[in-house]
Amino acid sequence: MPDLRCATGKSAEDTAPADVLVLFGAMGDLAHKKIFPALYHMVQHGHLDVPVIGVARAGRTNEHLKERVRDSIQQQGGEIDQEALAKLLKLLRYVGGDYEKPATFELLKKTLGSASRPAHYLAIPPNLFTSVVESLAKSSCIKNARLIVEKPFGHDLASAQQLNAALHAALPESKIFRIDHYLGKEAVLNLLFFRFANSFLEPIWNRNYIESV
């Protein structure tokens, strides 16, 4: 069977899984509401077994981060998979410091240890994107890395182009991922109408036949 990764035009390095996730903004609202529950479900399904380094302002500890994650999962409601939660908590590391100070990124580099393919997730205010990426590059923390950028990506065409240029100065386009949690919201809502307005689809468009959307 041919290596399908080659057909995409990407190298083996581009498609190799990350060996650590670095989450900037680990104590923020986005991480609490969206990212921690996603990581928890990834652990449940056996898709996450690498360290998760949470980066945020100084003055917090590993225990503060773990408590934040526990609260996030509890807020989701329903029965908690204690085994999956325990596995996620075991993967957590905390790095505290100012995003604009080199010492923070030197500490991050030390915490990365032998990891060689980090994925840096920027769940932080957009005005910090450029300075964080530049600091990652200066500290060599971005070598062989992927970058995940949360919305908004600039506030107009000119600012988006400027941000794009800053990111491309550190990484190629193939290593940059842009996320907007609400970009597909309208399309997903249309699925509800499409399902219940069509009597021939409604009997089979349910949990018995569709795992997830």
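The values are calculated or read from the model by the stated rules, or taken from the named source; none is laboratory data. Note that the coordinates shown come from a computational prediction; the quantities given were computed from them, not determined experimentally. Glycine also receives a Cβ, built like all others from the backbone with ideal geometry; neighbour counts cover every protein chain displayed. Note: areas computed on protein heavy atoms with side chains; ligands, DNA, RNA excluded. Shrake-Rupley method; radii C 1.70, N 1.55, O 1.52, S 1.80 Å.
Worth a mention:
- Shown for the chain: the carbon plus sulfur share of the solvent-accessible area, taken with all protein chains present and a 1.4 angstrom probe, equals 55%.
- Among the listed pairs K34/K138; K66/K101; K101/K185; K110/K175, those with a Cα-Cα distance over 32 Å are K101/K185.
- In sequence order, the range 77-91 has phi-based couplings of x, x, 6, 8, 7, 4, 5, 5, 5, 4, 5, 5, 4, 5, 7 Hz under the Karplus curve 6.51 cos²θ - 1.76 cosθ + 1.60, θ = phi - 60°, and Gly or Pro positions carry x.
- Solvent-accessible surface of the chain, averaged per residue with a 1.4 angstrom probe and all protein chains in place: 61 square angstrom.
- Once both labels are positioned 7 Å from their Cα atoms along Cα-to-Cβ, the gap between R207 and T15 label points is 3.5 nm.
- For K185, the solvent-accessible surface with a 1.4 Å probe is about 120 Å², rounded to the nearest 10.
- 10 Å-binned pair-distance histogram of the chain (Cα, whole percent): 7, 28, 33, 22, 8, 1, 0
- Proximity of backbone amide H atoms, modeled 1.01 Å from N, is registered between R178 and V149 at under 5 Å, excluding neighbours fewer than 5 places apart on the same chain.
- Projecting the Cα atoms of F153, I80, I53 onto the charge dipole of the chain (Cβ charges, centred on the Cα centre) puts I53 farthest toward the positive pole.
- Mean projected area of the convex hull spanned by the Cα atoms of the range 45-169, taken over all viewing directions: 9.0 nm².
- Put a plus charge on the Cβ of each Lys and Arg, a minus charge on the Cβ of each Asp and Glu, and nothing anywhere else: the dipole of the chain about its Cα centre is then about 380 debye.
- A simple charge model with +1 on the Cβ of Lys and Arg, -1 on the Cβ of Asp and Glu and nothing else charged puts the dipole of the range 111-160 at about 260 debye relative to its Cα centre.
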